[in-house]
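Since the structure comes first, as structure tokens, the remarks are kept for the end.
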Amino acid sequence: MSLTVLWAGPLTTVQDLGRPGWAHLGVPRSGAADAPSLRLANRLVGNPDTAAGCETTLLGCTLRLADARWVAVTGAPAPVSVGGAAAAAGTPLRVPAGGTLTVGAATGGLRSYVAVGGGIDVPRTLGSRATDRLSGLGPAPLADGDVLQLGPPPGPPAPVDLAPVPALPAEPVLRLAPGPRADWLAGRGHELLRTAAFTVSPDSDRIGLRLQDPVLPRCRDDELPSEPIVLGALQLPADGRPVLFLADHPTTGGYPVVGVVHPADVPLAAQARPGSRLRFRPVRPS
Amino acid sequence: MAEARAAYAELVRLRAAGRLPGVVELVPAARTVLVELGTVSDPLPDLAALLAELAPGAEQPRPAVQIPVRYDGPDLAEVAALTGLDTGEVVRRHAAAAYTVAFCGFAPGFGYLTGLPAELQVPRRPSPRTAVPAGSVGVAGEFTGVYPRRSPGGWQLLGRTDAVLWDADRDPPALLAPGTGVRFVPA
């Protein structure tokens, strides 16, 4: 009834759908950065949407299961193997008792998700098992040798051969609604948001994508009293390098939010690798 | 600030009364309040109409939380120098004021407290400390507050408390929530 982490990779965390509803106390939402991918993995193995799985970063992870379980790998496409034999992503896989599951280096995107039938049963904090890299709530990132308890196996897995998932775009285009402080952006900045491709900085993490090149000019230099932050908020610090907030974003911040990425496009941002490029398509709020 | 606090208190009341369907987060900040819906297709409540009757000061005062403080912080002398007061007077005025949690942020359970006397409003430190101990009581700009856990921080530190500001296993987890009244008591 447990899972052993044989290799945790550069960053593998336990994630579920996070802790919405506590932001007024300064608690980030957290949860899977690419939530639809975790939901899909859970559905494939017959788990409820709220079950916790593993979120890998770029290079994957290797897990050993004490008893036989259904597993599924989704999110960033990566080579998958069960007991050393190549297996498919996006479909329920049976791992025998004592068997290993390896998720290799992503061939595109950044974060792969592993759901295990029964879910990962670490203790909840404020209703969630998610690791929050900003506040430190939830379990620590996984380390080699960690043993995680699993919940009781659910019924049979989803009766599908392969879940259809659109390929991740090399240069995603994110719908961007005007933010509450869009008027802090100079005219040239609005033009760049419509036309430029932004490079994702290596400083990016689960808290946010830091974008560099080009710099967005502001038309105001004064201090902004702290304002609430939402998932997908595009914040513009004084240096003009925007930050696109992801799952572990702070609940309030002191820089103007000049735009907000459509919630359905945030998972694309969460899959953007450092060094890759992305674009925005300004839209009116729906 | 008072308007944002009053609007938040009223929105919390309206949500409890079932009049804000679909709202998943209500988050106050310094001048604004976030009303977040669960999905983009949820209809936006008519906030202007709901808040039309609101008058600042309409919020119900809550009993103040008393926080015992040892006023021996590393920046006490610096704050005294910046304000032109002696350290005893800085402590007396900080402990004499009545505060209210305007909003939370920075870390779970970190409340930005308003009500800091104007003469105690000093800039944050020129460069932040890499580690501020849990329970440190600081001031910066118009706010005072208590660090719930050890973290980096740039506020000027006046003292320290043993009060537990945040415990995720406690109900409620945060000692200080938006709207809570606070008094600091020299210990």
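For all pairs of alpha-carbon atoms in segment A:2-149, what percent lies in each bin of width 5 Å, listed from the first bin to the last filled one?
With 5 Å bins starting at 0, P(r) equals 2, 12, 21, 25, 22, 11, 5, 2, 1, 0.
Under 14 Å from the Cβ of A:Ala23, count the other residues' Cβ atoms, weight Lys and Arg +1, Asp and Glu -1, and hand me the total.
-2
Only counting other Cβ atoms within 10 Å, I'd like B:Ser127, A:Ser37, A:Ser30, B:Ser151 sorted with the fewest neighbours first.
Fewest to most other Cβ atoms nearby, the residues stand as B:Ser127, B:Ser151, A:Ser37, A:Ser30.
Could you pull out the trypsin sites (Lys or Arg not before Pro) across segment A:107-155 that fall in loop regions by DSSP (anything but H, G, I, E, B) with no more than 16 other Cβ atoms inside 10 Å?
Passing both the DSSP loop test and the Cβ count: A:Arg124.
Computed over the Cα atoms of the protein assembly as shown, what is the convex hull's projected area averaged over all directions, in nm²?
Working: hull surface 93.1 nm².
Directional mean of the projected Cα hull area for the protein assembly as shown stands at 23.3 nm².
Quick one: grab Rg to one decimal and Dmax as a whole number for segment B:41-187, Cα atoms only, in Å.
16.8, 58
Could you give the nm distance between label points at A:Val215 and A:Ser2, where each point is 7 Å from its Cα heading toward the beta carbon?
About 5.3 nm, to one decimal.
Sorted from fewest to most neighbouring beta carbons within 10 Å, what does the list B:Met1, A:Met1 look like?
Going from sparsest to densest Cβ surroundings: A:Met1, B:Met1.
Could you give me the radius of gyration and the Dmax of segment A:86-172, taking only the C-alpha atoms into account and expressing both in angstrom?
For segment A:86-172, the Cα radius of gyration and maximum Cα-Cα distance read 15.5, 41 Å.
Gaussian network model of chain B, Cα springs within a sub-10 Å range: biggest mean-square fluctuation belongs to which of B:Ala140, B:Ala16, B:Ala80?
Sorting by GNM fluctuation, first place goes to B:Ala16.
Once both axes come from the Cα atoms, what is the angle between helix B:87-96 and the longest principal axis of chain B, in degrees from 0 to 90, rounded to 10?
It is inclined by approximately 30 degrees.
Quick one: dipole size for the protein assembly as shown, taken about the Cα centre, charges +1 on Lys/Arg Cβ and -1 on Asp/Glu Cβ, in debye to the nearest 20.
Once rounded to the nearest 20, the dipole reads 460 debye.
Find the centroid of the Cα atoms in segment A:50-77 and in segment A:159-228, then give the distance between the two in whole Å.
29
Fewest first, what order do A:Trp70, B:Trp166 take by the number of other Cβ atoms within 10 Å?
Values: A:Trp70 21, B:Trp166 24.
Final ranking by Cβ density, sparse to dense: A:Trp70, B:Trp166.
Work through the residues other than A:Ala170 whose Cβ is under 14 Å from its Cβ and net out their charges, Lys, Arg +1 and Asp, Glu -1.
+2
How much net charge surrounds A:Pro157 when only other residues with a Cβ under 11 Å from its Cβ are counted (Lys, Arg +1; Asp, Glu -1)?
Details: positive: A:Arg43, A:Arg69, A:Arg94; negative: none.
It works out to a net charge of +3.
Which percentage, to the nearest 5, of the DSSP beta bridges contained in chain B is antiparallel? The partial results should precede the final answer.
On the way: 24 of 30 bridges.
In chain B, approximately 80 percent of DSSP beta bridges are antiparallel ones.
How big is Rg to Rh over segment A:173-282, alpha-carbon atoms, Rh as the Kirkwood inverse-mean-distance radius?
With Rg and the Kirkwood Rh in hand, the quotient comes to 0.92.
For chain A, what does -39500 (n - 2.57) per DSSP helix run (n ≥ 4), summed and divided by total residues, give at 222 nm, in deg cm²/dmol to the nearest 500?
Counting only the DSSP helices, I get -2000 deg cm²/dmol.
For helix A:35-44, report the angle its Cα long axis makes with the longest principal axis of the Cα atoms of chain A; keep it between 0 and 90° and round to the nearest 10°.
20
Using r as the Cβ-Cβ distance of B:Ala96 and B:Ser127, and R0 as 41 Å, what FRET efficiency do you calculate, to the nearest 0.05?
0.85
With N residues in segment B:4-86, what two-decimal value do you get for its Cα radius of gyration over 2.2 N^0.38 Å? Working shown, then result.
Working: Rg = 19.4 Å, N = 83, 2.2 N^0.38 = 11.8 Å.
Segment B:4-86 yields a ratio of 1.64.
None of the figures in this text is laboratory data; all of them are computed from the coordinates on show. What you see is a predicted model, and the numbers here were worked out from it, not measured in a lab. Backbone-built Cβ (ideal geometry, glycine too); neighbour counts: all protein chains shown.
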